[in-house]
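Q: Please see the structure below; I have some questions.
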Amino acid sequence: MSKRIDAKDLNVYYGDFLAVEGVTMTIDAQAVTAFIGPSGCGKTTFMRSLNRMHEVLPGARVSGQLMLDGDDIYDPAVDPVTVRTMVGMVFQRANPFPTMSIRENVLAGYKLNGARISRSEADDIVERALRGANLWKEVESRLDKPGSSLSGGQQQRLCIARTIAVKPDVILMDEPCSALDPISTLAVEDLIAELKQEYTVVIVTHNMQQAARVSDKTGFFNIAGTGKPGKLVEYDDTSTIFNNPRDQATEDYVSGRFG
Ligand SMILES: Nc1ncnc2c1ncn2[C@@H]1O[C@H](COP(=O)(O)OP(=O)(O)OP(=O)(O)O)[C@@H](O)[C@H]1O
Ligand SMILES: [Mg+2]
């Protein structure tokens, strides 16, 4: 429950292309960490390396070290499926399974893991996850309706429910609000603030106000030019990154003077 991540000199490749170079950072447990930086600097790539989703692409690999509370998640003896259960991910576009009911969507992670659970256990999991995602009240009377019958903001919270149903230690969110209206965005931001009581939360966002509002720490990634690797330029308390950054590029980016 809520584990720390330590990356040490992590490089992330697509075949021969080094997309992210030499990231060393500690992502705190029970905190929200934001990744910011211009398009193409490797935020998604780095995030996907944190739960071994990166390597599902042909030729994609990492070097360096990545520890979850001191355990090397890239140890050859570690099953990547287990890693993805411990480190869950929520995507930019809410992606509920459209033909599955709301209830089935929440349980989808269990089905994928092949776990056998009783009806009453399943009921408990569904209610707990939907309450955790702040969606229970809106859907409790229609759990058997398709996931696609929900609004965009509700679908995103359904995906968060699906992620927390399997009790991860870490929740990764890649621009979770980019397709949402301001009210749904605030609902998800409120939820993020609650989730950090129990989980390690990492969020990618292009919205500076959002990073400032929800995160405790912020990492600024940047890229020196096309074809060059993305790097973690500066990583600090969010207030420092926004008010008193060390690096000129960070200052330019957070103040909107970038490119
Ligand atoms: N499947 C892939 N195969 C090869 N290169 C890729 C692949 N996905 C991304 N890249 C490259 O890796 C680099 C980093 O991309 P990434 O998607 O991580 O950036 P990002 O910071 O998330 O950008 P954005 O803010 O636009 O989402 C880019 O040069 C991109 O073209
Ligand atoms: Mg991205």
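Each reported figure results from applying straightforward, stated rules to the coordinates on display, with no laboratory input. Model, not experiment: these values are computed from the prediction. Counting neighbours? That spans all protein chains shown, and the Cβs are built from the backbone with ideal geometry, glycine included.
Q: Compute the Cα gyration tensor for segment 6-103, then decide on rounded, prolate or oblate, letting a ≥ b ≥ c be the square roots of its eigenvalues: rounded whenever a/c is under 1.5, prolate when a/b is larger than b/c in the other cases, and oblate in all that remain.
A: rounded
Q: Further question: So, in nm, how far is label Gln30 from label Ser255 when the simple model puts each one 7 Å beyond its Cα toward the Cβ?
A: 3.7
Q: Distance between Cα centroids, segment 219-259 to segment 151-187: provide it in whole Å.
A: Spelled out, the Cα-based centre of one part sits 26 Å from the other.
Q: Please list, by residue number, everything in segment 22-50 whose backbone N is under 17 Å from a paramagnetic label point 7 Å out along Cα→Cβ of Met1.
A: Only 29-31 pass the distance filter.
Q: Using amide H atoms built in the peptide plane, which far-off residues or other-chain residues are under 5 Å from Gly64 H to H?
A: Asn11
Q: Now a separate question. Taking every DSSP beta bridge that has both residues in segment 64-219, what percent is antiparallel when rounded to the nearest 5?
A: 25
Q: Take Lys145 and Tyr14, extend 7 Å from each Cα along the Cα→Cβ direction, and tell me the distance between the two endpoints in nm.
A: Between Lys145 and Tyr14, the label points sit 3.9 nm apart.
Q: Within segment 72-181, report the trypsin sites (Lys or Arg not before Pro) that DSSP leaves as loop and that have at most 11 other Cβ atoms within 10 Å.
A: In loop regions of segment 72-181 (DSSP not H, G, I, E or B), the sparsely surrounded trypsin sites (Lys or Arg not before Pro) are Arg116.
Q: Please work out how much length the chain gains when fully extended from Ser239 to Lys111, using 0.36 nm per residue of separation minus the C-alpha to C-alpha distance, in nm with one decimal.
A: Gain on extension, Ser239 to Lys111, equals 41.9 nm.
Q: Separate question: Would you mind checking the pairs Lys111/Lys196; Lys3/Lys231; Lys43/Lys145 and listing those with alpha carbons more than 29 angstrom apart?
A: Long pairs (Cα-Cα over 29 Å): Lys43/Lys145.
Q: In segment 168-259, which trypsin sites (Lys or Arg not before Pro) fall in coil by DSSP and have 13 or fewer other Cβ atoms within 10 Å?
A: Sparse-neighbourhood loop trypsin sites (Lys or Arg not before Pro): Arg246, Arg257.
Q: For labels at Leu186 and Asp79 in the simple 7 Å Cα→Cβ model, what's the distance in nm?
A: 4.4
Q: Shifting gears a bit: Length gain on complete extension for the stretch Asp247 to His206, per 0.36 nm per residue less the alpha carbon to alpha carbon distance?
A: That works out to 12.9 nm of additional length.
Q: So if we plug the beta-carbon distance of Glu55 and Arg93 into 1/(1 + (r/R0)^6) with R0 = 22 Å, what FRET efficiency do we get, rounded to 0.05?
A: 0.50
Q: Taking the mean number of other Cβ atoms within 10 Å as a proxy for protection, how do you rank 25-36, 144-155 from highest to lowest?
A: Packing order, densest peptide first, comes out as 25-36, 144-155.
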